[in-house]
């Protein structure tokens, strides 16, 4: 995604080691959805009412006015920080932001990939 900064390998290692709040084998899919929703709500400064209404089926890009192309980078950074993952620019597609569920599934796959190392 244009405009996003790539991290140096040493920064990636530090960040992954420093932030393992959620990268546990005991994390359930529902917990990941809940944490992705919280990261989204924080990054977009959603009102409490809107944040409380976020579910796995909530449509995102095109449905949440707060989520525009400029906010995508903020959301990605929030997810990287919260989950201790690194999201490469080539992984960011429109389908990724189709719904909260697709975003949570992506994070889950990233967490599984990082725990397999």
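Some points to look at:
- The residue that is nearest to residue 36 (Cα to Cα), counting only those in the stretch 88-98 that are in contact (Cβ under 8 Å) with a residue 12 or more places away in the chain and surrounded by fewer than 19 Cβ atoms within 10 Å (Cβ to Cβ), is 98.
- Residue within the stretch 72-83 that is closer than 22 Å to residue 29 by Cβ and either more than 15 Å from the chain's Cα centre (by Cα) or not in a helix (DSSP H, G or I) (or both) present: no
- The stretch 28-60, subset surrounded by 15 or more Cβ atoms within 10 Å (Cβ to Cβ) and in contact with a strand residue (DSSP E or B) (Cβ under 9 Å, 6 or more places away or on another chain), residue farthest from residue 99 (Cα to Cα): 56
Yes/no matrix, rows are residues, columns are (1) modelled with pLDDT under 90; (2) under 18 Å from residue 107 (Cβ atoms); (3) part of a loop (DSSP other than H, G, I, E, B):
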residue: 11; (1), (2), (3): yes, no, no
residue: 21; (1), (2), (3): yes, yes, yes
residue: 25; (1), (2), (3): yes, yes, yes
residue: 37; (1), (2), (3): no, yes, no
residue: 40; (1), (2), (3): no, yes, no
residue: 56; (1), (2), (3): no, yes, yes
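The values are calculated or read from the model by the stated rules, or taken from the named source; none is laboratory data. Computed from a predicted model, the values in this text were never measured in an experiment. Please note: Cβ atoms are built from the backbone with ideal geometry, for glycine as well, and neighbour counts cover all protein chains shown.
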